Amino acid sequence: MNAPFTGHMIIEGAEAESKLSALAPELRNGAIVPYLGPELAELAGAAAPTTPEALAQFFSTKVALPRRAKGNAWASAQHIESMKHRNTVTALMNEAFAPKVEPTPLHRSLAALKLPMIVDIWYDSAMRDALAGRDDWGEAQGITRAGIGEDRWFRFYDASGAEVAKTEAEGWTTLLYKPHGAVAPAKNYLISDADYVEVLTEIDIQTPIPDIVKNRRTERSFLFIGCRFHDQMLRTYARQITKRSAPTHHAIVAAERLTKNELKFLTVQGIVPLAIPLNRASEILIG
């Protein structure tokens, strides 16, 4: 477990901006791994869903959902999968993320830095599109094991979008890690409760996480940008992806929205919250 810091202290105002400014050079030299969440897409004015709740709302406009599933993207997808078919879930995800999320200036800045690794936990293709001008990178995506008849947890794709062997990934300058899948290049989605059953059973022993991710996180810290931790599954992924990395991390947060569970998670995981509006944080990181 990563070492905790003491208390639920949230750094705000000028102090938070100063701290982020000090972290920016470490991000640029690859000592910090950016961990991008769905809310970053809001800066692009995306028509696609930019939160799990928005995705759940999208599902509710397409299929009548029971009360227990409303507002929960994973439960909504599970209901649809159970009552209709997995293909229906995939088709709805394709529809939800068909609107293009244009890369923000921060996406483009990160793409230009040639970082060892970028983690992106949402389903859009903005980060992939920002990297498109380069050919020295590739992507690892989590995949559903439902009905594929394969003993695999993830697939690798090169800069062109072609699936490649995992051995090719070792030579990439930048690894884009999409643990929940994405609309591009192959429409892989972990989204229903069933998708996560096996993953969450195994993730504590790290099996679903590619070795290259484990290697590139070593001795590095993480900076969470546009992320929330108000759902147990989101907390589990963040905890397991950052396991055996540096002891202290940072997160850009909206202090007024943090729940008690989020504050507890940040404290236990050694994640220092910096209360800075996302657009301002992006400006600081771009420099």
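Tabulated data
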{"item": "Residue list for the stretch 254-277, restricted to those being touching a residue at least 40 places away in the same chain (Cβ under 8 Å) and within 17 Å of Pro52 (Cβ to Cβ)", "result": "Leu258"}
{"item": "The stretch 37-92, residues that are closer than 18 Å to Leu234 by Cβ, touching a strand residue (DSSP E or B) at 6+ places or on another chain (Cβ under 7 Å) and modelled with pLDDT of 95 or more", "result": "Gly37"}
{"item": "Among the candidates Ala41, Ala16, Ala56, residue that is touching a Phe, Trp or Tyr at 6+ places or on another chain (Cβ under 8 Å) and assigned to a helix (DSSP H, G or I)", "result": "Ala41"}
{"item": "Complete set of residues in the stretch 264-287 that are in contact with an Asp or Glu (Cβ under 9 Å, 6 or more places away or on another chain) and closer than 21 Å to Gln232 by Cα", "result": "Pro273"}
{"item": "Members of the stretch 180-212 that are under 17 Å from the mean Cα position of the chain (by Cα), in a helix (DSSP H, G or I) and closer than 20 Å to His79 by Cα", "result": "Asp195, Tyr196, Val199, Leu200"}
{"item": "Hits in the stretch 158-203 - residues which are at pLDDT 95 or above, closer than 19 Å to Asn215 by Cα and buried (at least 18 other Cβ atoms within 10 Å of the Cβ)", "result": "Ala169, Trp172, Thr174, Leu175, Leu176, Tyr177, Lys178, Pro179"}
{"item": "When residues of the stretch 213-255 are limited to those that are of a type in the set (A, V, I, L, M, F, W, C) and part of a helix (DSSP H, G or I), the one nearest to Trp122 (Cα to Cα)", "result": "Leu234"}
{"item": "Residue tally, condition at positive phi and acidic (Asp, Glu), over the stretch 167-181", "result": "0"}
{"item": "Ala73 vs. criteria within 26 Å of Gln269 (Cα to Cα), more than 23 Å from the chain's Cα centre (by Cα) and either free of Cβ contacts under 8 Å to residues at least 60 places away in the same chain or not assigned by TED's automatic domain parsing to the domain that holds Leu274 (or both)", "result": "no"}
{"item": "Condition check for Leu115: surrounded by 20 or more Cβ atoms within 10 Å (Cβ to Cβ), part of a helix (DSSP H, G or I) and either in contact (Cβ under 8 Å) with a residue 12 or more places away in the chain or not aliphatic (A, V, I, L, M) (or both)", "result": "no"}
{"item": "Residue check, Tyr157 outside any loop (DSSP other than H, G, I, E, B) and either more than 16 Å from the chain's Cα centre (by Cα) or farther than 21 Å from Leu55 by Cα (or both)", "result": "yes"}
{"item": "Candidate set from the stretch 40-74 (those that are more than 16 Å from Arg108 (Cα to Cα) and charged (D, E, K, R)); member that is surrounded by the fewest Cβ atoms within 10 Å (Cβ to Cβ)", "result": "Arg67"}
{"item": "Residue that is farthest from the chain's Cα centre (by Cα) [pool: residues in the stretch 27-68 that are among the charged types (D, E, K, R) and closer than 29 Å to Ile212 by Cβ]", "result": "Arg28"}
{"item": "Residues of the stretch 220-248 that turn out to be at positive phi, touching a residue at least 60 places away in the same chain (Cβ under 8 Å) and either surrounded by fewer than 19 Cβ atoms within 10 Å (Cβ to Cβ) or charged (D, E, K, R) (or both), as a count", "result": "0"}
{"item": "Counted residues, the stretch 256-285 - those being farther than 15 Å from Gly226 by Cα and either touching a Ser or Thr at 6+ places or on another chain (Cβ under 8 Å) or assigned to a helix (DSSP H, G or I) (or both)", "result": "9"}
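This table checks each residue for (1) buried (at least 23 other Cβ atoms within 10 Å of the Cβ); (2) part of a loop (DSSP other than H, G, I, E, B); (3) not assigned by TED's automatic domain parsing to the domain that holds Thr144.
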site: Asn87; (1), (2), (3): no, no, yes
site: Ala91; (1), (2), (3): no, no, yes
site: Leu106; (1), (2), (3): yes, no, no
site: Leu110; (1), (2), (3): yes, no, no
site: Asp124; (1), (2), (3): yes, yes, no
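The values are calculated or read from the model by the stated rules, or taken from the named source; none is laboratory data. Please read these numbers as outputs of a predicted model, since none were measured by experiment. Every residue, glycine as well, gets a Cβ built from its backbone with ideal geometry; the counts of neighbours run over all protein chains shown.
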